[in-house]
Amino acid sequence: PDDAVRPGPAGLALALCRGAALGAVTSGGLALLLAVRLVERPLCGLDRPVSPRITRAVCRAALPILGLRYAVSGRPMRHRGAIVSNHVSWIDIFALNACQTIYFVAKAEVARWPFIGWLARATGTAFIARDPRAAKAQQALFEARIRAGHRLMFFPEGTSTDGLRV
């Protein structure tokens, strides 16, 4: 729009610095996570005693880089199960991962997205096809993940919204 605020040179420089820092933290965390999973997966299977801590640490480090403060109100879910939330922006992923170990459920297309798909697969996202014929297999996947102690995070809209309605 014509009345949109456009960042000046200082704002662009800040955005580039934050983007570079976020990229470095995320890429470094991904490399560490993959190295840990090489050992963790054969020894522990679906149980992930170490790698979720890396995901939480990266997400906690990302929030101040993005200019956000981190505070938790209430108590995170302590047992296995499912959580349902609105999905307002990509910052949700960092904020929700920062406070507890969760595994997102995403549409199958996300797995094929460059970089985002790699991050999602590495952090244990469960991918689902929007196909009724796949429902039984996906139910079995969810049951296995919950039995393994995972907390699954569902965004029922299947996309980002303004957060005012589902």
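The values are calculated or read from the model by the stated rules, or taken from the named source; none is laboratory data. Just so we're clear, the structure is a prediction, and the values are computed from it rather than from any experiment. Don't worry about glycine lacking a Cβ; one is built from the backbone with ideal geometry, like all the others, and counts go over all protein chains shown. Just so you know, the surface numbers come from the protein's heavy atoms only, side chains and all, with ligands and any DNA or RNA stripped out. Shrake-Rupley method; radii C 1.70, N 1.55, O 1.52, S 1.80 Å.
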Out of everything in the stretch 107-131 that is of a type in the set (A, V, I, L, M, F, W, C) and part of a strand (DSSP E or B), what residue ends up being nearest to the chain's Cα centre (by Cα)?
A126
Tell me, please, whether a residue that is surrounded by fewer than 16 Cβ atoms within 10 Å (Cβ to Cβ), of a type outside the set (S, T, Y) and within 17 Å of T125 (Cβ to Cβ) can be found in the stretch 13-35.
yes
Criterion violated by T125 - all others in (1) β-branched (V, I, T); (2) in contact (Cβ under 8 Å) with a residue 60 or more places away in the chain; (3) closer than 27 Å to R18 by Cβ; (4) open to solvent by less than 40 Å² (accessible area, probe 1.4 Å) satisfied
(2)
Close pairs (7 angstrom Cβ cut-off, 6 or more residues apart or separate chains): surrounded by 18 or more Cβ atoms within 10 Å (Cβ to Cβ) in the stretch 48-77, of a type in the set (D, E) anywhere:
R48/E40; S51/E40
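Of A71, A57, which residue is modelled with pLDDT of 90 or more, of a type in the set (G, A, S) and out of contact with any Pro (no Cβ under 9 Å at 6 or more places or on another chain)?
A57
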Of the listed residues (A108, A134), the one being touching a residue at least 12 places away in the same chain (Cβ under 8 Å) and open to solvent by less than 40 Å² (accessible area, probe 1.4 Å) is A108
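Can you tell me which residue is farthest from L96 (Cα to Cα) among those in the stretch 20-62 that are outside any helix (DSSP H, G or I) and among the hydrophobic types (A, V, I, L, M, F, W, C)?
Residues of the stretch 20-62 outside any helix (DSSP H, G or I): 45-50.
From the residues that got through so far, the ones that are among the hydrophobic types (A, V, I, L, M, F, W, C) too are 46, 50.
Details: L46: 21, V50: 18 Å.
Across the stretch 20-62, the extreme among qualifying residues is L46.
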